[in-house]
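Notes for the one structure printed next.
The values are calculated or read from the model by the stated rules, or taken from the named source; none is laboratory data. Not measured: the values here are computed from a predicted model. Using ideal geometry, Cβ is built from the backbone for each residue, glycine included, and neighbour counts are taken over all protein chains shown. Remember, those area values only see protein heavy atoms, side chains included, never the ligands or the DNA or RNA. Shrake-Rupley method; radii C 1.70, N 1.55, O 1.52, S 1.80 Å.
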Amino acid sequence: YNGSKTIYSSKKIKSKIFSFANTLFFLEKNGYDEIFMPIYSELLSGFSNLIKQLIHETTGKKELGQTIISAIGPESQHHTNQRFFGGPKNILGLFINVKKRDNIKIRVPKKLKEIKLKDGNIKILDKLDLSDAIQYEFEGVIKTTSEKKIPYIVIEIDKINEKSVGALMAIFQYLAYYSALVRNQNPFDQPEVERSKEMTFKLIKNLKQRN
């Protein structure tokens, strides 16, 4: 609650989120109708579905709205990076990263240390902090995105706790709301969702009547 309140009560932050929404709409109008959103923490994986619901239900109207392609990083680098960098140029990046993670040391067994890895071997990873390894993976993707001149936005969380999670939730609530406003849409309806529900209820009702 306190984390969300920091967003709800700050005109300065809400102004930045409005600019964020405007930027996404500008990019959509210029052909970027898909958003690749890797989240660099398993602990934030629940945001994947929440953000998709907020953006898709709120802005997917009147033949407008961007499609969110969410994934957990750095695993996403082994599949969706290929689409992001090598596929059609209609996709922008929205990266969610965490600065401070629990420090866990990577241990490479002695019998595996000489396995080839790029121009060296796998022992280079031995005793490396897992947090650092993930950060380097993230930075490598950001540099490649910049080199390829793909538009991208980074949201960084200092540390995962109740307050930061509440703030992140509020940011995307306001992003969805403002994204609808800049598209001249009602932020609070989802007619196609309701239509599907009506059809489902009708089918169930017909089934009950036959039985």
Practice problem: Just the number, please: percent antiparallel of the DSSP beta bridges in the chain, rounded to the nearest 5. | Solution: 15
Quiz item: Rolling a 1.4 angstrom probe over the protein heavy atoms, how many square angstrom per residue are accessible across region 54-142?
Solution: 61
Quiz prompt | Gain on full stretching of the segment that runs from residue 10 to residue 128 - 0.36 nm per residue minus C-alpha separation | solution = 38.5 nm
Quiz item: In the neighborhood of residue 22, defined by Cβ-to-Cβ distances under 13 Å, what is the net charge if each Lys or Arg adds +1 and each Asp or Glu adds -1?
Solution: +3
Quiz item: Taking all protein chains as present, what is the carbon and sulfur share of the accessible area of region 64-141, in % to the nearest whole number, probe 1.4 Å?
Solution: 56
Self-check item: Candidates 57, 192, 75, ranked by Gaussian network fluctuation over the chain, Cα under 10 Å, top entry
Solution: 192
Practice problem: Springs between alpha-carbon atoms under 10 Å, Gaussian network over the chain: tell me which of 15, 45, 179 tops the mean-square fluctuations. | Solution: 15
Quiz item: Dividing the Cα radius of gyration by the Kirkwood radius, what Rg/Rh value follows for region 140-211?
Solution: 1.24
Exercise. Can you give me the three principal axis dimensions of the chain from its C-alpha atoms, in Å, biggest first?
Key: 67, 54, 38
Quiz item: Can you pull out the trypsin sites (Lys or Arg not before Pro) in region 58-130 that DSSP calls coil and that have at most 12 other Cβ atoms within 10 Å?
Solution: 62, 89, 107, 118, 127
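Just to be sure I understand: if I project the alpha-carbon convex hull of region 34-76 onto a plane and average over all orientations, what area do I get in nm²?
2.7
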Quiz prompt | For residue 152, distant residues with modelled amide H under 5 Å away | solution = 93
Practice problem: Would you mind working out the accessible area per residue for region 154-211, using a 1.4 Å probe, and quoting it in Å²? | Solution: 70
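Calculate how many DSSP beta bridges within region 88-211 are antiparallel, expressed in % of all such bridges and rounded to the nearest 5.
Working: 3 of 10 bridges.
Antiparallel: roughly 30 percent of the beta bridges in region 88-211.
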Practice problem: Sum -39500 (n - 2.57) across every DSSP H segment of at least 4 residues in the chain, then divide by the residue count to get the 222 nm mean residue ellipticity, nearest 500. | Solution: -16500 deg cm²/dmol
Practice problem: With everything on Cα atoms, drop me the angle between helix 162-182 and the longest principal axis of the chain, reported from 0 to 90° to the nearest 10. | Solution: 50
